[in-house]
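*Asks:* This is the structure, below, for whatever I ask next.
Where a number appears in this text, it was derived from the coordinates with a stated rule and is not lab data. Keep in mind it's a predicted model, so treat the numbers as computed, not measured. Backbone-built Cβ (ideal geometry, glycine too); neighbour counts: all protein chains shown.
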Amino acid sequence: MTPEALYDRLERGEPVTVLDVRNRDEFEEWHIEDEAVTTTLVPYSKFMVAEAGDTVASTAREAGLDPDEFVVVVCGRGEASDYVADLLDEAGFDAENLEDGMRGWARVYASVVVRLDAEAAVYQYHRPSSGCLAYLVVSGDEAAVVDPLRQFTDRYVADVREYGADLVAALDTHVHADHVSGVRRLADETGATPVYPAAARERGLRADAAAEFVADGDEIRVGDVTLTAVRAPGHTSEMTAFRLGDLCLAGDSLFLDSVARPDLEAGDEGAEAMARRLHETLRSVYGEMDDDVRIAPCHYGGATSRADDGTYTARLGDLRDRLSAFSMDEDEFVDYVLSDMPPRPANYEEIIETNLGRTDVDDADAFELELGPNNCAVSQAGES
């Protein structure tokens, strides 16, 4: 089974049993998550022993697998899982191997319409392997992409052409720590203006002379609409959201079931100060926005629910009701956030250096650096 076919099946809401044959530590660090997925972990080595003892069927049943149910077998590269899928098939189970394993899953990229009206169309891209979200804004014959991934720059360019527009701007909301930004490549390949938060220069971001740096309130014109920069620090010092009418492309300043972690830029020693800045952002920035503003974040988690239209968006008023972080005082918020952070994203320091323009990696190395969950949020942030 191709990763794209698995994704389509999950999108249709069809239940899937996933048999993960990696070691437990690899599984716990990163695995396929979806409401329609039931996961069983049985390391590959157990099936090697079962094959030698002619006990494959009994081993599978003991693990909870049903011969009458479809099973997708997964490993890191699709090799060990291919071996196990063949064993299960010979034992009478309906099993298929996930081609290229988790690396294949990391190449799946999909999009859905967030907004479609006379002024603009906004498309949300999502990468199910990591929860990364990006946005394409198309208005008239111009387009802009927000938080693009370098791994998928060809996709944005092709989509912009399909929509009959030219890419005029590529924007980052902040210096990302979980994926390599596509802003520089899109600028090089299309002539689009690279746009960064002004405060990113204080972090040492290197950019060419064509780059534009935006501060709070600055505007980026795209066709007949305007993206307005909204300074929203806390996750990072330069974090900047972009408003398009009642839609807020929030970056990592606010998620749908959590708030951002404050330690990826300043480390443990600076996390408390950044957490206090994040609390101020929730109070003074998002506190000034109307309940009807639609929040469109830069990441989502495995348990994040979609809106009725299939997008990872939510009304700000609903988030105020859902997340108790909005009602916490500053000290309570800081204590909670600092006590509830997951492991930092894999290779985050090297990814940050790449996105600052201080180092460079080729596409193959960039892909390897990005494998795994994003972990840019605290675990719950006071979810009600």
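*Asks:* Just to check I understand the Karplus step: with θ = phi - 60° and J = 6.51 cos²θ - 1.76 cosθ + 1.60, what whole-Hz values come out for the range 272-287, glycine and proline as x?
*Replies:* Working through the residues one at a time gives 5, 4, 5, 4, 5, 5, 5, 4, 5, 4, 4, 7, 9, 8, 6, x Hz.
*Asks:* Follow-up question, since we're still on this one. Run the helix sum for the chain: -39,500 (n - 2.57) per DSSP H stretch of 4+ residues, divided by residue count, reported at 222 nm to the nearest 500 deg cm²/dmol.
*Replies:* Taking each H run of at least 4 residues, the total per residue is -8000 deg cm²/dmol.
*Asks:* Quick one: 3J(HN,Hα) in Hz for the range 92-106, Karplus 6.51/-1.76/1.60 with θ = phi - 60°, rounded, Gly and Pro as x.
*Replies:* x, 9, 8, 10, 10, 7, 7, 4, 6, x, 5, 5, x, 4, 5
*Asks:* Quick one: dipole size for the chain, taken about the Cα centre, charges +1 on Lys/Arg Cβ and -1 on Asp/Glu Cβ, in debye to the nearest 20.
*Replies:* 720
*Asks:* Starting from the amide H of VAL222, placed 1.01 Å from N in the peptide plane, find each other amide H under 5 Å away whose residue is 5 or more places distant or on another chain.
*Replies:* Counting only residues 5 or more places away or on other chains, the set is LEU227.
*Asks:* Let me ask something else. Just order 240-248, 162-170 by mean Cβ neighbour count inside 10 Å, highest at the front, would you?
*Replies:* So the peptides 240-248, 162-170, ranked by packing, come out 240-248, 162-170.
*Asks:* Right, next: Only Cα pairs under 8 Å and at least 6 apart count here; give the relative contact order of the range 308-384 as a rounded whole percent. Let's see the in-between values first.
*Replies:* Working: 51 pairs, mean separation 37.3, N = 77.
Over the range 308-384, the number comes to 48 percent.
*Asks:* Lys/Arg Cβ at +1, Asp/Glu Cβ at -1, dipole of the chain taken about the Cα centre: which of MET341, CYS376, VAL175 is farthest positive-ward?
*Replies:* VAL175
*Asks:* Residues with amide H under 5 Å of ARG77's amide H, sequence separation 5 or more or different chain, H placed in the peptide plane at 1.01 Å from N; which?
*Replies:* Answer set, sorted by chain and number: MET102.
*Asks:* Now, a different point. Taking amide H positions as placed 1.01 Å from N in the peptide plane, with prolines and chain starts having none, which residues 5 or more places from THR193, or on another chain, fall under 5 Å of its amide H?
*Replies:* Answer set, sorted by chain and number: ALA169, ALA170.
*Asks:* Further question on the same structure: Which of the peptides 223-229, 175-181, 9-15 is most tightly packed, and how do the rest follow, going by the mean number of other Cβ atoms within 10 Å of each residue?
*Replies:* 175-181, 223-229, 9-15
*Asks:* Next question, about the same structure. Tell me, what is the percent relative contact order of the chain, built from C-alpha pairs under 8 Å that lie six or more residues apart?
*Replies:* For the chain, the relative contact order is 13 percent.
*Asks:* Is the C-alpha gyration tensor of the range 240-363 telling us rounded, prolate or oblate? Criteria: a/c under 1.5 is rounded; beyond that, a/b larger than b/c is prolate, otherwise oblate.
*Replies:* oblate
*Asks:* Report the relative contact order of the range 1-107, percent, no decimals, based on alpha-carbon pairs under 8 angstrom and at least 6 residues apart.
*Replies:* Numbers: 175 pairs, mean separation 32.0, N = 107.
It comes to 30 percent, rounded to a whole number.
*Asks:* Now a separate question. Work out from phi, with θ = phi - 60° and the Karplus expression 6.51 cos²θ - 1.76 cosθ + 1.60, the ³J(HN,Hα) of each residue of the range 133-144, listed in order in whole Hz, and give x for Gly and Pro.
*Replies:* Once θ is set to phi - 60°, the couplings for the range 133-144 become 10, 9, 9, 10, 10, 10, 9, x, 9, 10, 9, 9 Hz.
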